[in-house]
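Okay, structure first, notes after.
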Amino acid sequence: MPTALQSSKCIILCQILSNCYRPIQLLRYDSKRKEIFVIAGEQGTIEITIFEGGNWRYDVTKT
């Protein structure tokens with residue numbers, strides 16, 4: 001189960017993506033690594049990892 005911090009950060013980041021009209025392609029919780037992983041964007045070029053403590057990082061790949 002994701003932590004409360006992870007859950008609230010995930011909602012906030014998904015809302016930001018939605019406000020910018022970026023489709024969310026994948027949203028997954030990895031129970032072994034205890035991370036939430038999001039792939040977004042038309043081409044799936046935005047990758048967001050939300051860590052157990054609520055910190056997050058993103059990467060934008062070129063197509």
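The values are calculated or read from the model by the stated rules, or taken from the named source; none is laboratory data. This structure is a prediction, so every number in the text was calculated from the model and none was measured. Areas reflect the complete protein model, heavy atoms only, side chains present, ligands, DNA and RNA absent. Shrake-Rupley method; radii C 1.70, N 1.55, O 1.52, S 1.80 Å.
Are any residues in region 1-39 of a type in the set (A, V, I, L, M, F, W, C), assigned to a helix (DSSP H, G or I) and open to solvent by 40 Å² or more (accessible area, probe 1.4 Å), and if so, which ones? Talk me through it step by step, then tell me what you get.
At the first step, the residues of region 1-39 found to be of a type in the set (A, V, I, L, M, F, W, C) are 1, 4-5, 10-14, 16-17, 20, 24, 26-27, 36-39.
Those still in the list that are assigned to a helix (DSSP H, G or I) too: 4-5, 10-14, 16-17.
Those that are of a type in the set (A, V, I, L, M, F, W, C), assigned to a helix (DSSP H, G or I) and open to solvent by 40 Å² or more (accessible area, probe 1.4 Å): ALA4, LEU5, ILE11, ILE12, ILE16.
Which of the residues spanning region 47-63 are closer than 23 Å to ALA4 by Cα and among the hydrophobic types (A, V, I, L, M, F, W, C)? Walk me through how you get there before you give the answer.
To start, the set of residues in region 47-63 that are closer than 23 Å to ALA4 by Cα comprises 47-58.
ILE48, ILE50, PHE51, TRP56, listed by residue number.
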- Item | In region 40-63, the residues that are outside any strand (DSSP E or B) and open to solvent by less than 80 Å² (accessible area, probe 1.4 Å) | GLY41, GLY44, THR45, PHE51, GLY53, GLY54, THR61
